[in-house]
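The next block holds one structure in the form of structure tokens; read it before the comments.
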Amino acid sequence: MDKRTFLKQVGMLAVGSAPFFKNLGNWVREVDHLTPEEVAQDEDFWMRVRSGYRLKPDYINLENGYYCMMPQETLENYIHHLREMNYQASYYMRTAQWDNKHAMQAKLAELAGVSKEELIITRNTTESLDLIISGFPWEKGDEAVMAEQDYGAMLNQFKLVERRYGVVNKRISVPLHPANDEEIVKVYEDAITPKTRLLMVCHMINITGHILPVRKICDMAHARGVEVMVDGAHAFAQIEFSIKDLNCDYYGTSLHKWLSVPLGAGMLYVKKDKIPQIWPLLAEWNREDDDILKLNHTGTHPCHTDLAIGNALEYYQQLGPARKEARLRYLQNYWTDKVRDLDHIILNTPKERHRSCGIANVGVKGMKPHDMAKTLLNNYRIWTVAIDGAGVQGCRITPNIFTSVKELDSFVEALKSLG
């Protein structure tokens with residue numbers, strides 16, 4: 001088998017012949033005449049989708065934000081790729097490895113709305129954004145702006161460049177319930193000085209699900225001569241958008257989250273004219289300064305994970321990005337609308353529909369987040385994660401497309417009983 005045949009059969013089309021994938025196509029055609037919002041409320045359709053997942057019966061999984069499990073189709077193809085890697089061994093690595101990786105890179109770039117020359121496959125969001133933070137051309141006294149609600153791994157990397165290069169880090173706090181976009185933009189703007197070089201902002205805050213007005217923040221920062229790096233760990237494949245439309249300089253995400261790729265896959269976008277200034281973490285062979293692949297050298301890596309990106313993308317596009325986003329937003333609002341006005345409940349996610357999607361954070365007055373999460377699991381068999389910091393006290397709730405409203409009804413009843 002030559003490498004072109006291998007690329008076609010293993011890298012792209014393995015999922016196409018699987019029975020469930022054909023069924024999914026039929027089910028989608030049955031609802032194709034409906035709007036995404038109408039499909040979002042069609043429980044029969046989503047229970048069919050649910051049948052394609054192997055779900056553990058011990059608990060209701062409302063903690064999909066850390067890692068979104070793969071549907072069985074993607075999982076089986078992932079195992080198939082692993083077997084093929086083992087079968088071909090060094091032959092594959094020396095003949096087809098890079099063609100396939102670049103093909104996956106191109107498919108991701110198409111979905112993200114950017115050039116394939118501006119995007120690389122990494123291992124996760126942390127690697128993607130830390131490459132930028134560590135490789136940025138810092139000078140002593142330069143300033144960086146970020147939020148206390150940003151992810152800890154990136155905040156720690158900023159602490160490292162503070163120690164190493166004398167960078168001054170300035171942290172702001174994003175309001176949980178802003179009156180408007182301008183309130184959020186102003187918080188970031190007020191932290192900028194003539195010494196500010198880089199601003200980090202979450203596309204969707206991981207602990208609350210709050211979707212920030214990234215385009216407005218980018219436009220403001222650029223007008224002040226500041227570059228913007230976006231943490232898109234939870235936005236990519238949860239909501240529809242084009243990275244180009246955000247007008248950011250750097251964007252990182254984890255593909256093992258809402259795209260449901262196997263663990264070990266992420267993505268980094270670097271605006272073309274910013275590539276030359278970023279130093280790679282590890283030296284690469286004979287790459288020009290403006291070649292983004294200079295940032296992608298990690299040595300020998302699990303190529304079967306790269307191949308599974310293609311299968312995950314096919315599943316996502318077959319289901320329909322707009323349908324997925326509408327379903328996730330529907331599920332979140334389904335349960336939050338039922339508890340928002342309860343006296344003992346604290347919702348740490350904005351009420352406005354456009355400011356969130358599938359993720360929300362809920363607390364119980366007088367109850368520590370850890371105790372709340374423990375009680376939900378031990379007493380109600382509901383799996384969540386406790387969040388206690390950065391002005392947020394509660395449990396992060398992240399349903400997935402296989403989550404049923406019946407399960408959310410159980411969650412709502414549990415919340416009511418905690419009062």
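Values quoted throughout were computed directly from the atomic coordinates according to the rules given, and no laboratory measurement underlies them. Everything numeric in this text was worked out from a predicted model, so none of it was measured. Virtual Cβ from ideal backbone geometry, glycine too; neighbours counted across all protein chains shown.
Descriptive notes on the structure:
- Cα-based radius of gyration of the stretch 348-411 once divided by 2.2 N^0.38 Å, which approximates compact folds: 1.14
- Gyration tensor (alpha-carbon) shape descriptor, the stretch 17-89, a/c threshold 1.5: oblate
- Charge dipole magnitude, Cβ of K and R +1, D and E -1 - the stretch 97-312, Cα centre, debye nearest 20: 360 debye
- About its Cα centre, the dipole of the chain is roughly 680 debye, where the only charges are +1 on Lys and Arg Cβ and -1 on Asp and Glu Cβ.
- Relative contact order %, the chain, counting alpha carbon pairs below 8 Å whose residues are six or more apart: 22 percent
- Think of it as helices only: each DSSP H run of n ≥ 4 in the chain is worth -39500 (n - 2.57), and spread over all residues that comes to -13000 deg cm²/dmol at 222 nm.
- Packing here is the average count of other Cβ atoms within 10 Å per residue, and on that basis the peptides 116-122, 186-192, 290-296, 392-398, highest first, run 392-398, 116-122, 290-296, 186-192.
- Spin-label model distance (nm) - residue 351 vs residue 289, 7 Å beyond Cα toward Cβ: 5.4 nm
- Remark on residue 398: its backbone amide H falls under 5 Å from those of 63, 64, 65, a criterion applied only to residues 5 or more positions apart or on other chains, H modelled at 1.01 Å from N.
- Charge dipole (the chain, unit charges on Cβ, about Cα centre) - positive-most of 267, 147, 95: 95
- For peptides 160-169, 262-271, sequence by mean Cβ density within 10 Å, most packed first: 262-271, 160-169
- Going from the fewest other Cβ atoms within 10 Å to the most, the residues 336, 384, 95, 193 appear in the order 193, 95, 336, 384.
- Derived from the Cα gyration tensor, the three semi-axes of the equivalent ellipsoid of the stretch 97-312 are 27, 20, 15 Å, largest first.
- Label-point separation, residue 183 to residue 116 (7 Å along Cα→Cβ), nm: 4.5 nm
- Spin-label pair residue 168/residue 406, simplified geometry with 7 Å Cα→Cβ offset, distance in nm: 5.9 nm
- Debye intensity ratio in log₁₀ form over the Cα atoms of the chain, taken at each q of 0.13 Å⁻¹: -1.18
- Viscosity 1.002 mPa s, temperature 20 °C, Stokes-Einstein D of the stretch 311-364 from Kirkwood C-alpha radius, µm²/s: 173 µm²/s
- For residue 196, the residues 5 or more places off, or on other chains, whose built amide H falls under 5 Å of its own are 143.
- With the highest mean first, a sort of the peptides 302-309, 85-92 on other beta-carbon atoms found within 10 angstrom per residue produces 302-309, 85-92.
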